[in-house]
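Trainee: Sharing a structure here in structure tokens format.
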Amino acid sequence: MTSAPLAAPTDERVGSARLLDRLVLRPEIGSLLGAVLVFAFFSVATERFLSVGGVATWLDDASTLGIMAVAVALLMIGGEFDLSAGVMTASTALVTAVLATRLGWNVWLALLASLAFALAVGALNGWLVMRTGLPSFIVTLGTFLALQGLNLGVTRLVTGSVQVSGMRSAEGYPSAGFLFASTVTLGGTGFYVSIAWWVLCTTIAAVVLLRTRFGNWIFAVGGSPLSSRAVGVPVVRTKVLLFMTTAGAAWLVGSINILRFTSVQANQGIGLEFQFIIAAVIGGCLLTGGFGSAVGAAIGALIFGMARQGIVYANWNSDWFQLFLGVMLLAAVLVNNALRRRAERVRR
């Protein structure tokens, strides 16, 4: 009577290695670990951080940054940058405010007009980058300067100052404000609807990036535009749509801001483009394109929100936040490069 062959003993290290390899393939793993550390640190450093009011504050802080960081991450995965993204949030808010308060337009029509403006600028950025072959850094820097001058010049011309206000009295404000700037009360504390917009944008971006043909095109054009074109990927259309996506996200953030605060400054948004890029890099995006994560960018924005408000709750000087940004950016670049190299070895 023959006995059944004994099963070969399994080595637990093999299972652990495979799990580690699967984790390495996820670009957002580094940002997730960073978020856990930041959360744990400020939870211990200050009691206010974990209060309902504290959570509402740092989630709100992260929400509008997160909306933009996710869109910028898609663009960076596609191998491009948009330095006009920050000032675009102000431009769209100004278009909405001027049309609604100075020309008497219904707020909804003003929002549609500002959306058309944003998409047109995004399409122009993408077309110029692809048509001229210039780096997107240069093209969008020019757009940044043009929009900055346009914001100041037109606002002064129309209002005699650098501010547009009075949105609350515009026709259609109540319904538009409900959609873009309302709050939901939980635990006696109001949570802004911008948090829900952030989650929705992140979910849509993640599904598009990982579950659709267009997502494959984004990774392809960011990794190698020439090879992508050779296998039939519409490189020009993909990159133009990515620039339009970034502009559309800027419109959403600008709409949230103008309807919440009911006024806008012409010099608003300047410098925010670097925060969007830093959040995307912390979330796993490489500066060279072809690698990154929408979810990771959202987590990068969450780290921003937790750190910025945690420093305030701990009664530290806010200047420490800039040090935190610099350290996080350098650490993220090093970790992302290491993860990319490990992921390439795993795929082989």
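The values are calculated or read from the model by the stated rules, or taken from the named source; none is laboratory data. Since we're looking at a predicted model, the values are computed, not measured. Because the Cβ atoms are built from the backbone with ideal geometry, glycine has one as well, and the counts that use them run over all protein chains shown. Each accessible area value is taken on the protein alone, full model and side chains, heavy atoms only, with ligands, DNA and RNA left out. Shrake-Rupley method; radii C 1.70, N 1.55, O 1.52, S 1.80 Å.
Trainee: Please list, ordered by first then second residue, the pairs with beta carbon atoms under 7 Å, 6 or more apart or interchain, first in region 305-319 and in a loop (DSSP other than H, G, I, E, B), second among the hydroxyl-bearing types (Ser, Thr, Tyr).
Mentor: From region 305-319, the pairs are Ala314/Thr46.
Trainee: Limited to region 28-45, what total is found for residues that are part of a helix (DSSP H, G or I) and within 15 Å of Ala338 (Cβ to Cβ)?
Mentor: 5
Trainee: State all residues of region 194-224 that are open to solvent by 50 Å² or more (accessible area, probe 1.4 Å), in contact (Cβ under 8 Å) with a residue 60 or more places away in the chain and more than 20 Å from the chain's Cα centre (by Cα); if no residue qualifies, say none.
Mentor: Scanning region 194-224 gives a single hit, Gly223.
Trainee: Just to verify a result, which residue in region 246-271, among those that are under 24 Å from Leu141 (Cβ atoms) and open to solvent by 60 Å² or more (accessible area, probe 1.4 Å), is modelled with the highest pLDDT?
Mentor: Looking at residues that are under 24 Å from Leu141 (Cβ atoms) and open to solvent by 60 Å² or more (accessible area, probe 1.4 Å), I get Gln265.
Trainee: If the requirement is being open to solvent by less than 30 Å² (accessible area, probe 1.4 Å), over 14 Å from Trp251 (Cα atoms), part of a helix (DSSP H, G or I) and in contact with a strand residue (DSSP E or B) (Cβ under 7 Å, 6 or more places away or on another chain), which of these qualifies: Val129, Val98?
Mentor: Within the list Val129, Val98, the selection yields Val98.
Trainee: Between Ala123, Ala116, Ala85, Ala73, which is in contact (Cβ under 8 Å) with a residue 40 or more places away in the chain and over 18 Å from the mean Cα position of the chain (by Cα)?
Mentor: Just a single option satisfies the conditions, and that option is Ala123.
Trainee: So, one more: Listed residues Arg48, Arg13, Arg22, Arg18; which is of a type in the set (Lys, Arg), outside any loop (DSSP other than H, G, I, E, B) and at pLDDT 90 or above?
Mentor: Arg48
Trainee: Give me the residue from region 146-182 that is touching a helix residue (DSSP H, G or I) at 6+ places or on another chain (Cβ under 6 Å) and not in a helix (DSSP H, G or I) and, out of that set, farthest from Ala196 (Cα to Cα).
Mentor: Val162
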